[in-house]
Amino acid sequence: MKTYSAKAADVEQKWFVVDAEGLVLGRLASICAKILRGKHKTTFTPHVDCGDGIIVVNADKIAMTGNKLTDKVYHRHTGYPGGIKSVTPEKLLFDGKGDRILMKAVERMLPKTKLGRQQLTKLRVFAGPEHPHDAQNPEPLDVGAMNPKNKRSA
């Protein structure tokens, strides 16, 4: 028995479009990370970019469970003394930057290597319902139907 190792030339990449309206942030991010890495394919090879591309629309309508919308805090540092900056997801959504919440969640689930950064370039997140990637012929991916816990009911 031999282990199959995919080559970069053998990989066929598809594109998926996901409507994030009402979907739970962490569950959507983990599904996106799995598809970007290619772990959903039988030909998965850890050192080759064999994942597919994902287009996420309506990212500003994403849901969070519990009180995370107000209690969760994202920190970053400017590099200067005393330069820590903090922001809540509620403020990001209010400012129209809801796409950054999903981008950071998926980024933190991918490997922190050159390959992980390359895989992250195939994630396109849009706050509204429109996207300019019709040329990729994206297939719709219904994340809410995969598991009832993936979708929040109002």
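Between helix 25-37 and the chain there is an angle of about 30 degrees, using the helix long axis and the longest principal axis of the Cα atoms. Take every DSSP beta bridge whose two residues both sit in the chain; close to 30 percent of them are antiparallel. Sites listed here are trypsin sites (Lys or Arg not before Pro) in the range 50-130 whose DSSP assignment is loop and whose Cβ has at most 10 other Cβ atoms within 10 Å: ARG108, LYS112. Close amide H pairs (under 5 Å, H built 1.01 Å from N) link CYS50 with THR45, residues at least 5 positions away or on another chain. Surface exposure of the chain, expressed per residue as accessible area with a 1.4 Å probe, stands at 63 Å².
A Förster radius of 35 Å, combined with the Cβ-Cβ distance separating LYS7 from THR65, puts the computed FRET efficiency at roughly 0.30. For the chain, the longest principal axis of the Cα atoms and the long axis of helix 98-107 meet at an angle of about 50 degrees. In the range 46-154, carbon and sulfur make up what percent of the accessible area (probe 1.4 Å)? C and S fraction of accessible area: 54 percent.
Only aspartates and glutamates eight or more places from LYS61 in sequence, or on another chain, were considered; those with a Cα closer than 19 Å are ASP19, GLU21, ASP71, GLU90, ASP95, ASP99, GLU130, ASP142.
Of the chymotrypsin sites (Phe, Trp or Tyr not before Pro) found in the range 26-132, no site is in coil according to DSSP while having at most 13 other Cβ atoms within 10 Å of its Cβ.
The values are calculated or read from the model by the stated rules, or taken from the named source; none is laboratory data. Quick caveat: nothing in here was measured; it's all calculated off a predicted structure. Because the Cβ atoms are built from the backbone with ideal geometry, glycine has one as well, and the counts that use them run over all protein chains shown. In case anyone asks, the SASA skips ligands and DNA or RNA and just uses the protein heavy atoms, side chains included. Shrake-Rupley method; radii C 1.70, N 1.55, O 1.52, S 1.80 Å.
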